[in-house]
1. Work out, step by step, the length gained on full extension between Lys145 and Thr251: first 0.36 nm times the residue separation, then minus their alpha carbon distance; give nm to one decimal.
2. Which order results if Tyr353, Tyr204 are arranged by neighbouring Cβ count within 10 Å, fewest first?
3. Find how much the distance from His356 to Gln332 grows on full extension, using 0.36 nm per residue of separation minus their present alpha carbon separation; answer in nm with one decimal.
4. In terms of modelled amide H atoms, which long-range or inter-chain residues lie less than 5 Å from the amide H of Asn212?
5. So which of Lys126/Lys360; Lys178/Lys363; Lys126/Lys269; Lys145/Lys178 end up more than 30 Å apart by C-alpha?
6. Express in nm, to one decimal, how much length is gained between Ser398 and Thr297 on full extension, taking 0.36 nm for each residue of separation and deducting their alpha carbon distance.
7. Treat the count of other C-beta atoms within 10 Å as a stand-in for reagent exposure and order Ile170, Ile328 from fewest to most.
8. Output wanted: per-residue J couplings in Hz (rounded whole) for the stretch 188-204, from phi through Karplus 6.51 cos²θ - 1.76 cosθ + 1.60, θ = phi - 60°, x for Gly and Pro.
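Bear in mind that the values in this text are calculations on the coordinates, not laboratory data. Please read all numbers here as calculations on a predicted model, not as lab measurements. Because the Cβ atoms are built from the backbone with ideal geometry, glycine has one as well, and the counts that use them run over all protein chains shown.
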Amino acid sequence: MQFYKNSQDQFRILQLPSTASGGRRCALTLRPILFRRRRRRRRDKRKKMTGRAKRKPKSSQGSATGNGELKKARTEESKAVPLSEVDSDQRDELLQLYKLQMPEDLYHFWDFCKDLCPDSPCGALKETLGLQLVGPFEILAGAHKNSKNPQPNFHLHWRYFYDPPEFQTILLGSEDTKHHIGYFRDTPDSLPSFVGENEAKKGYTITRMGDNVFAAVLLYLLKRRKERGGKKAEGESVESLETQLRDRAETLGLSLEQKTKGMKQRDKKVVTKTFHGAGIVVPVDKNDVGYRELPETDAGLKKICKAIAEARNDEERVKAFGPLQEMITFVQFANDECDYGMGYELGIDLFCYGSHYFHKVVKQLLPMAYSLLKRNLFGEILEAHLSSRSHDDLDQLSAQ
């Protein structure tokens, strides 16, 4: 970034990083730099106009939340967990295929399922809970070596319609509701912040299920039992599985809480929940630079999205796009002043809404936000997903 001074004002040229989709660099035009005092005053005025105040006060929001701090927080909570029996070659292969670091609980759960069903670990929970191990587990099972698809994209492997780039599927549930469970990462270079679930047939909501796969499966078991009317309806096999899950997690020192201390610490760093409810985390410094709220409530934004998606003709749709276009302009100003979280939030919300009418805007907003936040891999995942976004045919290993 270069700064130039003259006697009347201050100006800057902001050269933005290249987006994930192209190699083109985007240079903003010269804009006057306002003194810090005037900048704050202008932002305060905008808050009063919009009536939305989603930024948390400094007392409750962690300052200077960098990408590395999330990884550190999760590591400290799980530091007592011993290494699993999975060898280094398999770990390296997973890292090469996904470009994501896998948490140790995934490897321990693989060992656990191999003990339950040595012949078919991926199907170890199918009969008792209706859950199938997929994604990274299929790599550990060697399923990719017999793939019908010569060039599977593992970032699209079991990536459901509403899964944001931060979500990685590891377990499949009911096909009727497109239920699936997966890891949620705030950055590509950090370990997962939690395990969540989504039912793609019902919508975009991501529900948290603990910070490891043992906790998530136990929670799913207990929820399923409650829905079916208690232990008697489930049978001895499920009761035995519950005992084994609890014993193994205790032996490994893994928490079985739905909301751990680390997850509560993350809550303090979440700048906004977004439509999917899992929230987003961006670095915010001591001057509150990093995120600014959208000039619309969630309800208001959904109303705007509905008007666009359900417009009767192109003329109505162009008119309905007006408020959204104004927000995109605000995002450009926010990016200019290093509040990258605003475009990130709007992009995620429009992605969650799901209409193809927003795909072009999402492609403009999110890869740029991920690039500015140094989360480029998420931008790559997003663009690949939007190019083939679907409710069906999600198994990359069986795709022709």
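1. Working: separation 106, 0.36 × 106 = 38.16 nm, distance 3.31 nm.
Gain on stretching Lys145 to Thr251: 34.8 nm.
2. Values: Tyr353 20, Tyr204 23.
Result, fewest neighbours first: Tyr353, Tyr204.
3. Working: separation 24, 0.36 × 24 = 8.64 nm, distance 2.24 nm.
Once the chain is fully extended between His356 and Gln332, it gains 6.4 nm.
4. Under 5 Å from the amide H of Asn212: Val195.
5. Working: Lys126/Lys360 39 Å; Lys178/Lys363 25 Å; Lys126/Lys269 37 Å; Lys145/Lys178 26 Å.
Listed pairs above 30 Å: Lys126/Lys360; Lys126/Lys269.
6. Values: separation 101, 0.36 × 101 = 36.36 nm, distance 4.20 nm.
Length gained between Ser398 and Thr297: 32.2 nm.
7. Values: Ile170 23, Ile328 15.
In order of increasing Cβ crowding within 10 Å: Ile328, Ile170.
8. After applying 6.51 cos²θ - 1.76 cosθ + 1.60, I find x, 9, 10, 6, x, 7, 6, 9, x, 9, 8, 10, 5, 6, 9, x, 9 Hz.
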